[in-house]
1. Take the residues in the stretch 105-144 that are without any contact (Cβ under 8 Å) to a residue 40 or more places away in the chain and surrounded by fewer than 15 Cβ atoms within 10 Å (Cβ to Cβ), then tell me which one is farthest from ARG197 (Cα to Cα).
2. Within the stretch 167-186, can you find the residues that are part of a loop (DSSP other than H, G, I, E, B) and free of Cβ contacts under 8 Å to residues at least 12 places away in the same chain?
3. Would you mention how many residues in the stretch 187-229 are hydroxyl-bearing (Ser, Thr, Tyr), without any contact (Cβ under 8 Å) to a residue 60 or more places away in the chain and touching a strand residue (DSSP E or B) at 6+ places or on another chain (Cβ under 9 Å)?
4. Looking at PRO171 and the list (1) more than 15 Å from ILE115 (Cα to Cα); (2) touching a Leu at 6+ places or on another chain (Cβ under 6 Å), which single condition is not satisfied?
5. May I ask you to verify whether ALA271 is surrounded by 18 or more Cβ atoms within 10 Å (Cβ to Cβ) and either aromatic (Phe, Trp, Tyr) or on the phi < 0 side of the Ramachandran plot (or both)?
6. Inside the stretch 245-271, can you point out the residues that are part of a strand (DSSP E or B) and modelled with pLDDT under 95?
Amino acid sequence: MIRTRGTGRGYALRGAAAVAVVAMTAVTAGCKEQPASGASAAPSVPVNSGSPTDDAKPGGASASPSASTPAKASPKPKPSASRTTPTADPQGKVLMASGAQGKQVRELQARLRQIGHFDRTPTGYYGTVTVAAVQSFQGKRGLSRTGKTDTVTWQKLLGMTREPTAAELNPPTTRPVAKPDKRCLTGRVLCISKNSRTLSWMIDGKVVSSMDVRFGSEYTPTREGTFSVYWKSRHHVSSIYHTAMPYAMFFSGGQAVHYSSDFAARGYNGASHGCVNVRDEGKIATLFAQVRTGDKVVVYK
């Protein structure tokens, strides 16, 4: 065995260099979106998470037809010679039904929410949750529970609700913002809730802005705890995955809050490799300009 002599100072310098290499590797690693299928798939979406089956607007050109084109009512069955057909309730012309999307659907959802029939923020897409909400409203008003919004149902709803405000029609997040963790109530904090999938930028206990976020998959989870922003990189690109991470604000090793074009396109049908993805580019651009190095980051359930 060959022995090497050296001073304590030499060992310290070599140790510091090794630590620096490890730190740079962690920072440049970054994270990348993962597909929903396979071993790295994102965990199943909660019932009120806003997937295409529960009222989140589907992306791409294959989106459902606009709400401006009323769905046709199902044809009434012809009377049978062997029995008498019961008289159907006069429901009127169908204005909106499953698959419709647009401003009128958003207003419908906002009005239903005012009287407790729609338990989330409006999405503008008429999915299974909206169908169930309309059925609930119709059932309590003695109307046929078709789940379709016809003229009778619509007029009844208008008479029981007020015109929704701009904030009610277009809330800052798809889902209600979570109650802030107590660690978020002092100072400048990126307050990030995994359960509500929202990020709130808070200063001295007041919410300045909020936005939708998504996290890592079961196999590449986003770390929970209290951190601080130690590096900001406006045009960051992951050195491992070679994918863009615009407006990156690193808070734990290679994990950062950043804009994700994949999240913007596919919603929650995917996941990151641990980063906190934001899908509204305008909001994160504003956030990036306001957040300073050293600001606190709290990730909690």
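The values are calculated or read from the model by the stated rules, or taken from the named source; none is laboratory data. If you're wondering where the values come from, they're calculated on a predicted model, not measured in any experiment. Here the Cβ positions follow ideal geometry from the backbone for every residue, glycine too, while neighbour counts run over all protein chains shown.
1. GLY142
2. Residues of the stretch 167-186 that are part of a loop (DSSP other than H, G, I, E, B), as a first pass: 170-181, 185-186.
If the condition is that a residue be part of a loop (DSSP other than H, G, I, E, B) and free of Cβ contacts under 8 Å to residues at least 12 places away in the same chain, then LYS179 is the only one that fits.
3. Quick first cut of the stretch 187-229, residues hydroxyl-bearing (Ser, Thr, Tyr) only: 193, 196, 198, 200, 209-210, 217, 219-220, 222, 226, 228.
Next, only the ones that are without any contact (Cβ under 8 Å) to a residue 60 or more places away in the chain stay: 196, 198, 200, 210.
Checking which are touching a strand residue (DSSP E or B) at 6+ places or on another chain (Cβ under 9 Å) leaves us with 198, 200, 210.
Of the residues in that region, 3 qualify.
4. The one condition PRO171 does not meet is (2).
5. Numbers: surrounded by 18 or more Cβ atoms within 10 Å (Cβ to Cβ): yes; either aromatic (Phe, Trp, Tyr) or on the phi < 0 side of the Ramachandran plot (or both): yes.
Against the criterion (surrounded by 18 or more Cβ atoms within 10 Å (Cβ to Cβ) and either aromatic (Phe, Trp, Tyr) or on the phi < 0 side of the Ramachandran plot (or both)), ALA271 qualifies.
6. The first filter runs over the stretch 245-271 and keeps only residues part of a strand (DSSP E or B), leaving 245-252, 255-259, 270-271.
Hits for the stretch 245-271 are GLY270, ALA271.
Conditions tested, residue by residue: (1) over 20 Å from VAL257 (Cα atoms); (2) assigned by TED's automatic domain parsing to the domain that holds ALA256; (3) modelled with pLDDT of 95 or more.
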{"residue": "GLN101", "(1), (2), (3)": "yes, no, no"}
{"residue": "GLY127", "(1), (2), (3)": "yes, no, no"}
{"residue": "VAL134", "(1), (2), (3)": "yes, no, yes"}
{"residue": "GLY139", "(1), (2), (3)": "yes, no, yes"}
{"residue": "LEU158", "(1), (2), (3)": "yes, no, yes"}
{"residue": "MET202", "(1), (2), (3)": "no, yes, yes"}
